[in-house]
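The values are calculated or read from the model by the stated rules, or taken from the named source; none is laboratory data. Because the structure is predicted, anything quoted here is derived from the model rather than measured. Here the Cβ is made from the backbone with ideal geometry for all residues, glycine too, and neighbour counts use every protein chain on show.
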Amino acid sequence: MAVKIVQVSHTDTDLHRLIQKLDEDLAQRYTAEEVFTVDFSDPGIEQIVFVVAYEQGEPVGCGAIKPLDEEYIELKRFYVSPEFRRNGIAAQVLKDLEARAKDMNYQYIRLEAGAPQPEALHFYKKHHYYEIDRYGEYISCDSSLCFEKKL
């Protein structure tokens, strides 16, 4: 599929619609305590790079990268609408975000997922992410599985 990936502001309407769909999906898989949402009112939101993937002008996926420290950046809010999955869109968004992280001189990219998302776990492993100990806000969340990749 010919996908156009665009960096957007945290106020972007298409981004918010996609993140709402992601949050609805996660709410069906996890308890409320296990879902880590994005706080758009947090002043640190400006440090996060958000992208939206468009297929023929329609927003079909999104993702973000959030700095953790000098070496590490975190993949966040990664989502592709179900009707557009299995077409390589997620791989294109991931590749785009990894390239942005590398261009920003980060050494590693990390992420959090969980057993209730088997398709996500398979996807990340396929793209050379390896499991690591839980970190940051995920340390005390038993359902969290954390992964990392050297850029």
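One residue stands out in the range 77-109 among those that are among the hydroxyl-bearing types (Ser, Thr, Tyr) and within 18 Å of Leu151 (Cα to Cα): the one that is surrounded by the most Cβ atoms within 10 Å (Cβ to Cβ), namely Tyr106. Only one of the numbered conditions (1) closer than 16 Å to His127 by Cβ; (2) of a type in the set (A, V, I, L, M, F, W, C); (3) surrounded by fewer than 18 Cβ atoms within 10 Å (Cβ to Cβ) is not met by Ile65, and that is (3).
Within the range 127-145, which residues are in contact (Cβ under 8 Å) with a residue 12 or more places away in the chain and part of a loop (DSSP other than H, G, I, E, B)? Even if it seems obvious, please write down each step before you answer.
Our first condition is that a residue be in contact (Cβ under 8 Å) with a residue 12 or more places away in the chain; within the range 127-145, this holds for 127-138, 141, 143-145.
His127, His128, Tyr129, Asp133, Arg134, Tyr135, Cys141, Ser143 - these are the residues of the range 127-145 that are in contact (Cβ under 8 Å) with a residue 12 or more places away in the chain and part of a loop (DSSP other than H, G, I, E, B).
Consider Leu111 carefully, then state whether it is in contact (Cβ under 8 Å) with a residue 24 or more places away in the chain, part of a helix (DSSP H, G or I), farther than 21 Å from Lys4 by Cβ and of a type in the set (A, V, I, L, M).
Numbers: in contact (Cβ under 8 Å) with a residue 24 or more places away in the chain: yes; part of a helix (DSSP H, G or I): no; farther than 21 Å from Lys4 by Cβ: yes; of a type in the set (A, V, I, L, M): yes.
No: the conditions fail for Leu111.
Taking the range 112-131 as the range and being exposed (fewer than 15 other Cβ atoms within 10 Å of the Cβ), touching a Leu at 6+ places or on another chain (Cβ under 9 Å) and at pLDDT 95 or above as the test, the residues that pass are His127, Glu131. Please determine whether any residue of the range 135-149 is hydrophobic (A, V, I, L, M, F, W, C), in contact with a helix residue (DSSP H, G or I) (Cβ under 8 Å, 6 or more places away or on another chain), modelled with pLDDT of 95 or more and under 21 Å from Ile5 (Cβ atoms). There is no residue in the range 135-149 that is hydrophobic (A, V, I, L, M, F, W, C), in contact with a helix residue (DSSP H, G or I) (Cβ under 8 Å, 6 or more places away or on another chain), modelled with pLDDT of 95 or more and under 21 Å from Ile5 (Cβ atoms). The single condition from (1) over 23 Å from Asp12 (Cβ atoms); (2) among the polar types (S, T, N, Q); (3) out of contact with any Pro (no Cβ under 8 Å at 6 or more places or on another chain) that Ser143 fails is (3). Taking (1) over 18 Å from Gln20 (Cβ atoms); (2) surrounded by fewer than 18 Cβ atoms within 10 Å (Cβ to Cβ); (3) of a type in the set (A, V, I, L, M) in turn, Ile45 satisfies each apart from (1).
Listed by first and then second residue, the pairs linking a residue in the range 56-72 that is closer than 18 Å to Glu98 by Cβ and of a type in the set (Asp, Glu) to a residue that is in a loop (DSSP other than H, G, I, E, B) and at pLDDT 95 or above, with Cβ atoms under 7 Å apart and 6 or more places separating them unless they lie on different chains, are Glu71/Tyr106; Glu71/Gln107. The conditions of being among the aliphatic types (A, V, I, L, M), closer than 21 Å to Arg110 by Cβ and at pLDDT below 95 are met by Leu22.
Would you point out the residue of the range 75-104, among those that are β-branched (Val, Ile, Thr) and in a helix (DSSP H, G or I), that is farthest from Val3 (Cα to Cα)? Break it down into steps so the answer makes sense when it comes.
Of the range 75-104, the ones β-branched (Val, Ile, Thr) are 80, 89, 93.
Filter again for in a helix (DSSP H, G or I), leaving 89, 93.
Values: Ile89: 7, Val93: 9 Å.
So, considering only residues that are β-branched (Val, Ile, Thr) and in a helix (DSSP H, G or I), the one farthest from Val3 (Cα to Cα) is Val93.
Before we move on, is Arg77 of a type in the set (Lys, Arg) and touching a helix residue (DSSP H, G or I) at 6+ places or on another chain (Cβ under 7 Å)? Working first, answer last.
Details: of a type in the set (Lys, Arg): yes; touching a helix residue (DSSP H, G or I) at 6+ places or on another chain (Cβ under 7 Å): yes.
Considered against the rule, which asks whether it is of a type in the set (Lys, Arg) and touching a helix residue (DSSP H, G or I) at 6+ places or on another chain (Cβ under 7 Å), Arg77 comes out as yes.
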